[in-house]
1. What length, rounded to one decimal in nm, is gained on full extension from Phe94 through to Gln154, with 0.36 nm per residue of separation minus their alpha-carbon distance?
2. Got the relative contact order for the stretch 58-156 handy, in percent, Cα pairs under 8 Å and 6 or more residues apart?
3. Note down the nm distance, to one decimal, between modelled labels 7 Å out along Cα→Cβ at Ala147 and at Ile55.
Amino acid sequence: MEGQEEDVKLGANKFSERQPIGTTAQTDKDYKEPPPAPLFEAGELQSWSFWKAGITEFMATFLFLYITILTVMGVKRAPNMCASVGIQGITWAFGGMIFALVYCTAGILGGHINPAVTFGLFLARKLSLTRALFYMVMQCLGAICGASVVKGFQKT
């Protein structure tokens with residue numbers, strides 16, 4: 001009877017006062033941590049999701065650099081700040097592109113369109129070496145192609 005009264009007093013929090021603060025979060029996880037990714041998994045090379053994620057990494061990095069570099073170059077080439085989007089337009093271009101690209105790619109590959117983020121996920125054993133290297137190569141190729149297309153469209 002005494003335990004029931006204590007539950008009623010505590011309301012939604014059904015933990016007794018005798019439990020040390022902060023220990024519940026350490027023991028009662030509502031999720032299971034996935035096992036670490038293997039270092040090398042050759043079976044990934046035959047998977048369509050592997051290639052689709054690489055293509056997505058390429059396109060996301062390509063679009064990010066294409067839009068942001070084009071915005072910065074437009075501001076720099078404008079005769080005055082009022083004739084361009086200005087500094088705030090540059091920040092909106094960077095922030096908006098990251099938001100849109102992460103939102104669009106999160107379901108396919110997790111939303112990391114940066115080699116540093118990919119490397120961090122590899123170190124945390126969330127990605128295999130095969131997948132991490134493929135993502136980083138595709139990201140770098142996408143960045144090179146995005147910057148090259150901008151350079152190709154601009155007059156010298």
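1. Difference between extended and current length: 19.6 nm.
2. 43 percent
3. According to this spin-label approximation, the distance is 2.6 nm.
Since every read-out is calculated from the coordinates, none of them should be taken as a lab result. Computed from a prediction, not measured in an experiment: that's the story for all the values here. Quick reminder, even Gly has a Cβ in these numbers, built from the backbone with ideal geometry, and neighbours come from all protein chains shown.
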